[in-house]
Amino acid sequence: MAINRPKGTEDHLPAGSPKLTLDVSAQAHAHLVNTARTVLERAGAQRIDTPLFEEADLVKRGVGGSTDIVRKEMFTVYYFGDHGGYILRPEGTAGIVRAYLQNGLKQLPAPLKLWLHGPMFRAERQQRGRLRQFHQVDYEVLGSTDALVDAEAIALMVEVVKTLGLKQVRVKLGSIGDPQDREAYNQYLRDLFSPVRERLSGDSQDRLERNPMRILDSKSEGDQHVIAELSVKPMLAFLGEEARAHFGQVQKYLSDWDVEFDIDPSIVRGLDYYRRTAWELHHEGVGAKSALGGGGRYDGLAEQLGGAAVPGIGWAFGVERLLLAMEAEGVELPAPEGPLLYMAALDEENVPYAASLAMSARSVARAEFAYRAMKPASAFRDAERRGARLVALIGSNEVAQGGITLKNLVSGEQTLVETSDLVAFLAEHGKE
Ligand code: HAM
């Protein structure tokens, strides 16, 4: 029986694959990452890469013991003779903060802006836009508590999606306050939900003990019914003075820069490390429950990981979800480029010569060749299918004369070029 890829994973396919959609197109993934890189590097972000697996404790302490990620979705890595204590990373932030602390990046000018792209792993139930191996573009800023950094991070996230051509996106902005504000809110929720404990789902009864705020994010209809009945006050009502002032500043900067956002008074993120500013980016085409991306401030995380205090803030996009949103909006990608030159021999003995000309042309342009001798009509058809701009046919005459005729498939124009001038000709022609 043929072996299939594991559930919840995707292959990223080449252009022209049957039934290709953007979320599984390798070209679309590359386009998205390049666009994000351009936007983020213009803002001063530098690339960082961290391992795909990390110590289990990093994930548990970083992401938080009460989260679904740690409780239900961790992929544990085992190998011979090992203690089984590694986890495939479910997100990028904890690893980046670990790398910052471990490699002395504090010595670099602050705030330090970093970005990362790569696969993340969460053992979730597979649905559209919810995978077990998915990809994130992640942006982190370390070393500043300034609200200007928060606002810039949000503005950059919006700029990436706008540059990609997306229109129907909304930022939902909130604050989950400082730790004491969050504790006061959790106490309020404990007092409110305890009398109706029995009516909550098993998961939410559990959350009532560990992290009551997460009840508000429950996907159970029954829980949502109870929440509506109790007219729960939002987190924003519990912000202390400093967190409130910080939140006000973030909003003011965004408004000054015309970055649109909606206040979400009860934002709950799925990770425990957040403080103060927290937000999500939603899209009409992908569904209300699934965010394209999310982020927030995490000033206590470095200490929680055993390091010095380093404030931080950042966000991550789900690359597949962004691509689904682009598909839903009908955003067109630039057409994949074919080769500048396609070279075919008219008889078998000249195939290696045609190949050597094509290979020398690769110093200046993309050049391909036919591996078998071809009749002119099939060579032209093949070149067209590959999207080539120029075709050259090599027969005994061309070899004897030391020149080749290049036919431009777009204009129909033919040019005789000395083989010794081919590379220079292509270098010039490739610029058009
Ligand atoms: P997150 O909200 O857990 O945040 O994930 C960010 C984005 O990753 C989500 O909005 C979603 O688009 C995508 N995503 C998450 N899980 C899946 C999945 N199973 N399948 C497909 N896409 C998924 C974080 O990961 C934080 N580290 C963001 C952050 C960076 N906060 C501060 N800095």
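Derivation of every value follows stated rules applied to the coordinates shown; laboratory data play no part. Here the structure is a predicted model, which means the values were calculated and not measured. As a convention, Cβ positions derive from the backbone with ideal geometry for all residues, glycine included, and neighbour counts pool all protein chains shown.
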Query - Share of pairwise Cα separations in segment 237-278, more than 12 Å, in percent - result: 66
Query raised in the report: In segment 322-388, which GluC sites (Glu not before Pro) are in a loop and have at most 15 other Cβ atoms within 10 Å, using DSSP for the loop call?
Result: Glu332, Glu337
Query raised in the report: Can you give the FRET efficiency for Gln102 and Arg37, using 1/(1 + (r/R0)^6), R0 = 35 Å, r = Cβ-Cβ distance, to the nearest 0.05?
Result: 0.90
**Report entry** Dipole magnitude of the chain, debye to nearest 20 (Cβ charges: Lys/Arg +1, Asp/Glu -1, about Cα centre)
**Finding:** 680
Query - Cα centroid separation - segment 13-31 against segment 377-432, whole Å - result: 29
Report task. Among Val286, Ala237, Phe261, flag the residue with its Cα farthest along the positive direction of the charge dipole of segment 220-304, charges on Cβ as +1 for Lys/Arg and -1 for Asp/Glu. Result -> Ala237
Report task. Could you pull out the longest piece of the chain with no exposed loop trypsin sites (Lys or Arg not before Pro) in it, calling a site exposed if DSSP puts it outside H, G, I, E, B and it has at most 15 other Cβ atoms within 10 Å? Result -> 20-124
Report summary line: Taking the dipole of the chain about the Cα centre (Lys, Arg +1; Asp, Glu -1; charges at Cβ), the one of Pro336, Ser17, Gln205 that reaches farthest to the positive side is Gln205
Query raised in the report: For Tyr86, which sequence-distant residues (separation of 5 or more, or a different chain) have an amide H within less than 5 Å of its own amide H, given hydrogens modelled in the peptide plane?
Result: Ala56, Val77
Query raised in the report: Relative contact order, percent, of the chain when contacts are C-alpha pairs under 8 Å separated by at least 6 residues?
Result: 15
Requested in this report: Apply the Karplus parameterisation 6.51 cos²θ - 1.76 cosθ + 1.60, with θ equal to phi minus 60°, to every residue of segment 397-403 and state each ³J(HN,Hα) to the nearest whole Hz, in sequence, with x for glycine and proline.
Outcome: 4, 4, 5, 5, 7, x, x
Query raised in the report: So if R0 is 22 Å, what FRET efficiency would Asp82 and Thr9 give, r being the distance between their Cβ atoms, rounded to the nearest 0.05?
Result: 0.40
Report task. Estimate the FRET efficiency between Arg190 and Ala2 by the formula 1/(1 + (r/R0)^6), using the beta-carbon distance for r and 56 Å for R0, to the nearest 0.05. Result -> 0.60
Query raised in the report: Among Val410, Asn350, Val399, whose Cα sits farthest toward the positive end of the charge dipole of segment 341-429 (+1 at Cβ of Lys/Arg, -1 at Cβ of Asp/Glu, about the Cα centre)?
Result: Val410
Report task. Would you be so kind as to identify all helices of the chain, as entire DSSP H runs, whose Cα atoms reach 18 Å or more along the helix's own axis and whose mean Kyte-Doolittle hydropathy is at least -1.0? Result -> 26-42, 147-163
**Report entry** Separation between Cα centres of segment 105-164 and segment 246-308, rounded to whole Å
**Finding:** 11
Report task. Report the extension gain between Ser220 and Ala26 in nm, rounded to one decimal, defined as 0.36 nm multiplied by the number of residues separating them, less their alpha carbon distance. Result -> 66.3 nm
Query raised in the report: Label Lys252 and Thr405 with points 7 Å out from Cα along Cα→Cβ: what is the distance between them in nm?
Result: 7.4
